[in-house]
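The values are calculated or read from the model by the stated rules, or taken from the named source; none is laboratory data. Just so you know, these numbers come straight off a predicted model, no measurement behind them. Counting neighbours? That spans all protein chains shown, and the Cβs are built from the backbone with ideal geometry, glycine included.
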Amino acid sequence: MGYHEHKTHENKTVGCAVLVTSDNRTEETDESGKLIKQRLLDKGHKVVYYTILKNDAAVLKNKIIELIKQEEVQVIITSGGTGLSHKDVTVDTVQSMLEKQLDGFGELFRQLTYQELGTASIMSRATAGIINGKVIICFPGSLGAATLAMDKIILPEIGHLVREATR
């Protein structure tokens with residue numbers, strides 16, 4: 001079965017959890033989280049969980065473990081904690097949990113970022129993969145990064161990703 005035929009069988013509604021990692025954002029000031037949730041809802045997906053977590057590896061890992069046990073959560077999207085600072089623990093935490101890594105997500109994210117920002121794109125450690133049949137996607141916390149990731153990569157493929165991850 002080719003790509004286009006696969007796309008016709010993709011999940012049309014996906015249950016998503018949105019985790020924002022930040023030491024200073026609140027629900028009121030979290031523009032990226034609001035954008036992610038709205039984009040998902042606009043495309044007919046469900047946001048079954050949303051929270052803002054501090055940049056703490058143990059807290060993040062425990063939350064991911066909790067979420068992958070929930071049947072209604074098919075995709076976990078994380079925003080923030082992907083940079084180079086010692087506080088940025090999202091990528092290291094998630095990668096240690098992955099059963100399969102989707103290298104193409106980070107590669108494409110950086111390519112698209114390069115087109116917009118130039119060589120600063122090398123500082124993004126955006127990544128994605130599979131944990132226990134659940135898709136997990138991690139990208140930077142900026143509004144621009146959230147917009148790019150959601151509009152150009154995640155939303156066009158989210159149903160297909162879930163279908164393939166659960167086969």
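Results for (1) more than 15 Å from CYS138 (Cα to Cα); (2) out of contact with any Ser or Thr (no Cβ under 8 Å at 6 or more places or on another chain), shown as yes or no for each residue.
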residue	(1), (2)
LEU60	no, no
SER85	yes, yes
VAL89	no, no
GLN101	no, no
LEU108	no, yes
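For ASP30, indicate whether it is out of contact with any helix residue (DSSP H, G or I) (no Cβ under 9 Å at 6 or more places or on another chain) and free of Cβ contacts under 8 Å to residues at least 40 places away in the same chain. So ASP30 passes the test. The single condition among (1) in a helix (DSSP H, G or I); (2) touching a Leu at 6+ places or on another chain (Cβ under 6 Å) that VAL91 does not satisfy is (2). Can you find a residue that is part of a strand (DSSP E or B) and under 13 Å from the mean Cα position of the chain (by Cα) anywhere in the stretch 112-125? Looking through the stretch 112-125, none of the residues is part of a strand (DSSP E or B) and under 13 Å from the mean Cα position of the chain (by Cα). Candidates in the stretch 47-88 are the residues that are in a loop (DSSP other than H, G, I, E, B) and among the aliphatic types (A, V, I, L, M); of these, the one that is modelled with the highest pLDDT is VAL73. With respect to being touching a Gly at 6+ places or on another chain (Cβ under 6 Å), at pLDDT 95 or above and within 27 Å of VAL91 (Cβ to Cβ), THR29 falls outside the description. Filtering the stretch 33-81 to residues that are in contact (Cβ under 8 Å) with a residue 24 or more places away in the chain and small (Gly, Ala, Ser) leaves GLY33, GLY44, ALA57, SER79, GLY80, GLY81.
Exactly one residue out of LEU108, LEU148, LEU41 is of a type in the set (A, V, I, L, M, F, W, C) and under 15 Å from ALA17 (Cα atoms), and it is LEU41. Would you confirm, using the coordinates I've provided, whether LEU108 is more than 27 Å from THR29 (Cα to Cα), at pLDDT 95 or above and in contact with a Lys or Arg (Cβ under 9 Å, 6 or more places away or on another chain)? Here the answer is yes, as LEU108 does meet what is asked. The set of residues in the stretch 16-44 being in a helix (DSSP H, G or I) and out of contact with any Ser or Thr (no Cβ under 7 Å at 6 or more places or on another chain) consists of GLU31, LYS34, LYS37, GLN38, ARG39, LEU40, LEU41, ASP42.
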